[in-house]
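Every read-out reported here was derived from the displayed coordinates using simple, explicitly stated rules and does not represent laboratory data. Quick caveat, the model's predicted, so the values are computed rather than measured. We place every Cβ from the backbone using ideal geometry, glycine too, and count neighbours over all the protein chains shown.
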Amino acid sequence: MPDVLNRGFEVKCLTVDFLPTRLADQVKRLRDPQHGVVRALHNVCLRIEPGQAVGLLGESGCGKSTLARHMMGLISNDSAESQILFNGELLKDLIRRDETEFRKTVQMIFQHPDTFLNPRLLAKDMIMEAFEIRGECKKDIRSGKFDKELHEALDTLGLTIEDLEKTSEQLSGGEKKRMSILRVILSKPRFVIADEPFSGLDVSYRNRILKQFELLKESGVGFLLISHDFNVTKSFCDDICVMYKGQIVQQYKNPASGVPEATHPYTEVLIAANEYLSRCNDPLPQIMSKFKPELGQRDWRHAGCPFEDRCIYSDDVEMTQKCKQDTPEVRRDLTGNEMRCHRYVELEKVQ
């Protein structure tokens with residue numbers, strides 16, 4: 001019997017730095033090795049098992065897509081401390097040994113569908129590749145053996161046979177996104193990394209796609225769902241991770257209400273913003289009063305909490321110095337909810 005603990009994705013202490021490309025910055029790095037370095041991900045730990053959906057929330061630029069591309073092996077990471085494992089094997093070794101098999105098993109829905117679509121090919125040429133990816137022979141594909149399956153999937157996503165005869169330039173933004181989702185569904189992967197799959201789509205299409213995702217999850221497909229939509233995430237995902245400045249500041253099992261008992265201040269902001277947008281006539285929630293656009297003056301090299309300058313609780317006299325000077329450690333409550341926040345010093349420290 002296979003070891004259940006070694007099935008699926010496991011991200012261990014993933015740290016990703018982007019080095020400066022300008023020659024002037026590269027010269028300055030001779031004196032200061034950290035000059036111009038952008039830390040996209042910092043000590044990220046994550047696990048996705050078959051049939052499990054993990055949601056990843058966070059504002060634009062916090063590192064969500066960078067994490068997704070590393071999990072797909074599209075960006076290599078040679079750090080000795082950072083590891084990405086798939087079914088118990090190092091991802092870089094697995095891809096080096098049999099990349100084709102990995103691509104059959106794990107598929108990605110890109111945030112920007114133009115990343116996926118080849119402008120020189122018709123949509124049908126790319127869609128029919130999905131049957132080859134899952135191992136069907138070309139003779140069966142050409143014979144029309146899978147036409148019924150294709151037509152049903154097209155209808156589900158609001159697409160037509162005529163749409164398959166178009167190039168990417170002839171498709172609308174929403175049609176491109178649905179084509180990329182169609183290709184993933186037809187390829188029948190065991191894991192899906194979905195980067196903002198509902199952006200640019202009408203609500204009616206979003207509900208159709210979400211239903212298809214539910215069916216896939218019930219069949220044992222694992223998901224990493226990257227989204228800005230808290231409602232979608234809490235309705236679909238089993239675990240929810242909240243990312244801020246490349247760190248997962250909170251990770252929790254999704255309760256029936258979609259909101260854990262203890263929440264990180266940034267999670268509170270996301271929840272309050274979601275509720276505020278659904279009731280536009282209400283006054284701005286107090287917790288959002290200090291949450292202003294990031295000015296970029298604080299980066300990963302500074303001590304203290306990275307959310308301190310935007311957190312309403314850091315104004316508290318007892319919290320001010322601690323939030324500015326001490327970097328919060330990961331702590332866990334009795335339900336397994338993990339977070340990085342000085343407000344919860346009484347919780348158990350994660351070793």
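A few comments on the model shown:
- Counting only Cα atoms, the size of the range 16-70 along its three principal axes is 49, 19, 14 Å, in decreasing order.
- Extents of the range 94-195, taken as max minus min of Cα coordinates on every principal axis and listed largest first, are 39, 33, 25 Å.
- The tail of the calculated P(r) for the range 167-322, taken as Cα-Cα distances beyond 25 Å, holds 44 percent of the pairs.
- 222 nm mean residue ellipticity, helices alone, for the chain (DSSP H n ≥ 4; -39,500 (n - 2.57); rounded to 500): -10000 deg cm²/dmol
- Cα-derived Rg to Rh of the chain, Kirkwood definition: 0.99
- Of the DSSP H helices in the chain, those with a Cα length along their own long axis of 15 Å or more and a mean Kyte-Doolittle hydropathy reaching -0.5 comprise 123-133, 173-187, 265-278.
- GluC sites (Glu not before Pro) restricted to DSSP loop in the range 162-208 with at most 14 other C-beta within 10 Å: E165
- Of K28/K290; K12/K166; K138/K234; K253/K290; K217/K245; K145/K234, those spanning more than 32 Å from alpha-carbon to alpha-carbon: K28/K290; K12/K166; K138/K234; K145/K234
- Dipole magnitude of the chain about its Cα centre (Cβ charges: Lys, Arg +1; Asp, Glu -1), debye to nearest 20: 660
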